[in-house]
Amino acid sequence: MYQILTKEMLTPNICRMKVSAQRLAAAAQPGQFLIVRADEKGERIPLTISDYDAKEGTVTIVTQKIGASSSDIIAHEPGEAFSDVVGPLGNASDFCSMPAEELAGQRYVFIAGGVGTAPVYPQVKWLHEHNVPVDVIVGARNKDLLIYVEEFRSVADNLYICTDDGSEGFHGVGTAMLEKLVAEGRKYTQAVAIGPMIMMKFSTLTCKKLGIPIIVSLNSLMVDGTGMCGACRVTVGGKTRFACVEGPEFDGYEVDFDEAMRRQGQYKSEEAEANEHHVCKIGRGK
Amino acid sequence: MANKIPRVPVREQDPKVRATNFDEVCHGYNKEEAMLEASRCLHCKNPRCVGACPVNLQIPDFIAKVVEGDIQGAAEVIARDSSLPAVCGRVCPQETQCEGSCILGVKGEPVAIGKLERFVADNSEHVASGAKATKAKVAVIGSGPAGLACASDLAKWGYDVTIFEALHKAGGVLEYGIPEFRLPKEKVLKKEIDAVRALGVKIETNVIIGRTITIDKLMDEEGFKAVFIGTGAGLPKFMGIPGENLCGVFSANEFLTRNNLMKAYREDYLTPIHAGKKVCVVGGGNVAMDAARTALRLGAEVHIVYRRTEAELPARKEEVHHAEQEGIIFDMLTNPVEILGDEKGWVRALKCVKMELGEPDESGRRSPVAIEGSEFEIPTETVIMALGTSPNPLISRTTAGLDVTRRGCLVADESGATTRPGVFAGGDAVTGAATVILAMGAGRTAARAIDEYLNK
């Protein structure tokens, strides 16, 4: 069992938990994710790793309430435990294996949206610790939905806050902020976007226009997370790839986002039903 | 004369009834039936059945105990060679192994060895108790048939064995792949895995070797003196035809894992699954039959789409027969060339060509050839690809000195030794997708090699 040590609601729908998972914490790297199964009857839910501490043997997860399974995760309290926490899954971010001389010439910009802001944190922290200049653009609908602002202040060279309604920081979306920064003369060697699929799609379009390479982190549907089920398959550069073992990070220019968005919504109707009331699945077609 | 008794038929759920539930198809023998069937065995001096069994189960010996009505005694005979008799009695291809070589089968029906093994396993108590773990630490990767068989033997000989399992439940393909109606999980599988645990084997779930920890760390930092890799063949294959990433196209692995491991068929579990009104399953192996019969039970009309004829179906005869009884429709000599979608990106039809059988290929089977101009569409909501699987590259990529073949299989010699000293492998990870019992056989062979290696 994997004990929950701390829990805090970052917004009314986004929850941060620190969970005990010794082996996972010792192996985790920026860019990787994990899978949580809250209890015996729950789904296996892929979640990004928002922080990890090998000494403490803990990982930090940030969950947004979407369906029945994410609600179950959030319903757990400190002192209770999840049935299963497994990982780290996927590959570490490219920069983790970059030679020092190559890393020295980099200047990163992160575009973070919604709950995708959380997994940006360990990446920015890692780059900061390795003396790579890094700017962070955090976007949310309004100021009450912003997360990780304080955390970024200590690790980012520059932090830009954007809200759709202008209630805090720049009035507009993250991509508009990026365009503004570039127009002002800021130069980046690499952009990274993590957030809703649609936001990553538009970040990619903007970066293409600006001539900045971009990496996106795909949160596809998954069951096992080890390459077994193929639910996470995405078309990248015209080829089918498994996000769980070949990703989750891919070159944004190559990703077929429209297909990825459709595939992500495959079980939407079932999820909605599970939220409303439970459904008998046997004999449904007849 | 004992061999004049006809083979005792086994009771099964009515096909119409079982097509709507996930309860086991076969009820198995009762004691009276089992004893009668057991009395048919001729107790050959040189029993061919034993040689045909990958774990060399002493078949005539356990059957002799059944004849006497000593079921526990029969279980003790079986336990010497097999740790999963209730599983093997259900899923082994007996018709090509023990029963296929039974002398009674020459002129009539062979002894129902599988059904007898199952009866004994279902009607006896755990036999084996483990030796105290006084010997070296051995890590077994994967808790499927190969790993369980290897771990059982090593634990019996006094080794300190830990199995590492990537999923949250032990059993490997027995848990995620084979459906409840062929292999009940709580009643049968859990009982056998508990018996392996009773031997002293530790099972650590949620550990993905290559990600959570590497083989190097297990050996260098955690003190494991030898490692057995029994990670199976878990990667699904796709056809590479247009439309395969449409919504409603699934690998059989995904479809079966959702239903078996994640229990999507049960309303008290949260797992979603999509079958719809009509399903096409592409492929003709046991996995295709399992996926088809699962979709049928979820309420769909199901077609098996296969490019050769029924005679070439690689699935077990019994499975094909059961599928036909339940109302699965077989579209033979049919090969998909494209999956067609609707405006929302969901499957609407499977475009196929008609095939005919041409010259025999390398496998000796007549190879199917497309008939020109024969394209047609099968309207369908769901397509399930059951084209076979290949080994997961996670371990070979993260372990130095471990060679793989071009097809991604681990290189191992007859004893299971890989190219890295102290690391052994067996089962589907070495051979590519095969059977439960062959994997168990390989696990046992490797256990002997590990014992020798550690005693050098």
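Bear in mind that the values in this text are calculations on the coordinates, not laboratory data. Note that the coordinates shown come from a computational prediction; the quantities given were computed from them, not determined experimentally. Neighbour counts run over all protein chains shown; Cβ positions are idealised from the backbone, glycine included.
Structure above, values below:
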item	result
CD proxy at 222 nm, helix term only [per DSSP H run n ≥ 4: -39500 (n - 2.57); per residue of chain B; nearest 500]	-8500 deg cm²/dmol
Within the protein assembly as shown, percent of DSSP bridges classed antiparallel, to nearest 5	50
Global geometry of the stretch B:155-230, whether rounded, prolate or oblate, following the gyration tensor of its Cα atoms and the 1.5 cut on a/c	oblate
Furthest towards positive pole of dipole, B:Ala133, B:Ala149, B:Ala121, structure part the stretch B:112-156, Cβ charges	B:Ala133
Rg to Rh, two decimals, where the protein assembly as shown supplies the alpha carbon set and Rh follows Kirkwood	1.00
Given B:Lys16/B:Lys191; A:Lys209/A:Lys239; B:Lys45/B:Lys187; B:Lys4/B:Lys156; A:Lys125/B:Lys225, the pairs whose alpha carbons are separated by over 31 Å	B:Lys45/B:Lys187; B:Lys4/B:Lys156; A:Lys125/B:Lys225
Charge-dipole axis of the protein assembly as shown as Lys and Arg at +1 and Asp and Glu at -1 on Cβ define it, positive-most pick from B:Gly327, B:Ile5, B:Pro236	B:Ile5
Selection from A:Phe257, A:Cys162, A:Gly139 lying farthest towards where the dipole of chain A points positive, charges on Cβ	A:Phe257
Most to least packed among A:142-149, A:190-197 [average Cβ atoms within 10 Å]	A:190-197, A:142-149
Hull volume in cubic angstrom per residue (convex hull over the Cα atoms of the stretch A:63-145)	141
Cleavage-rule hits, trypsin sites (Lys or Arg not before Pro), the stretch B:110-214, DSSP coil, Cβ neighbours within 10 Å at most 11	B:Lys132
FRET efficiency for A:Ala75 and A:Asn131, using Cβ-Cβ distance with R0 set to 30 Å, rounded to 0.05	0.10
Sparse-neighbourhood loop sites, GluC sites (Glu not before Pro) in the stretch B:293-361 - DSSP loop, at most 15 other Cβ within 10 angstrom	B:Glu343
Sum of side-chain charges, B:Gly158 neighbourhood, beta-carbon under 15 Å (Lys, Arg +1; Asp, Glu -1)	+3
Loop sites in the stretch B:186-287: GluC sites (Glu not before Pro), DSSP, at most 14 other Cβ within 10 Å	B:Glu221, B:Glu222, B:Glu267
Gyration tensor verdict on chain B (Cα atoms; rounded if a/c is under 1.5, prolate if a/b is larger than b/c, oblate otherwise)	oblate
Average Cα contact separation per residue, the stretch B:1-58, under 8 Å, 6 or more apart, as relative contact order %	38
From phi via Karplus (6.51, -1.76, 1.60), per-residue ³J(HN,Hα) for the stretch B:110-125 in Hz, x at Gly/Pro	x, 4, 7, 4, x, 5, 5, 4, 4, 4, 4, 5, 6, 10, 9, 9
Debye equation applied to the C-alpha atoms of the stretch B:348-417, log10 I(q)/I(0) at 0.14 Å⁻¹	-0.77
Rounded tilt (10° steps) of A:117-129 against the dominant C-alpha axis of chain A	50
22 Å Cα-Cα reach of A:Lys268 towards lysines, excluding residues that sit fewer than 8 places from it in its own chain	A:Lys41, A:Lys65, A:Lys201, A:Lys281, A:Lys286, B:Lys263, B:Lys277, B:Lys278, B:Lys344
Whole-Å distance, taken between Cα centres, linking the stretch B:96-113 and the stretch A:116-148	68
Net dipole in debye of the stretch B:319-456 [+1 Lys, Arg Cβ; -1 Asp, Glu Cβ; about Cα centre; nearest 20]	780
Cα-based shape type of the stretch B:401-456, given that a ≥ b ≥ c are square roots of the gyration tensor eigenvalues and the cut on a/c is 1.5	oblate
All-pairs Cα distance distribution in the stretch B:1-129, expressed in whole percent, bin size 10 Å	13, 46, 32, 9, 0
Kirkwood-Stokes translational diffusion coefficient of chain A, alpha-carbon pairs, 25 °C, 0.890 mPa s, µm²/s	126
Test item: Cα-centred dipole of chain A, Lys/Arg +1 and Asp/Glu -1 on Cβ, debye	540
Summed residue charge, Cβ within 12 Å of A:Gly139's Cβ, Lys/Arg positive, Asp/Glu negative	-1
Whole-Å distance, taken between Cα centres, linking the stretch B:352-405 and the stretch B:307-321	15
Dipole magnitude (debye, nearest 20) for chain B, charges at Cβ of Lys, Arg, Asp, Glu	680
Residue order, fewest to most beta carbons within 10 Å, for A:Cys162, A:Cys232, B:Cys409, A:Cys96	A:Cys96, B:Cys409, A:Cys162, A:Cys232
0 to 90° range, to nearest 10: angle between helix A:197-210 axis and chain A longest Cα axis	20
Difference of contour (0.36 nm per residue) and Cα-Cα distance, A:Met98 to A:Glu40	16.8 nm
Under-5 Å amide H pairs with B:Leu235, H placed in peptide plane, nonlocal only	B:Ser390, B:Asn392
Solvent-free Debye scattering, log10 I(q)/I(0), computed from the Cα coordinates of the stretch B:82-191 at q = 0.14, 0.17, 0.24 Å⁻¹	-0.67, -0.91, -1.29
Histogram of C-alpha separations across the stretch A:1-121, 10 Å bin width, %	13, 44, 30, 10, 3
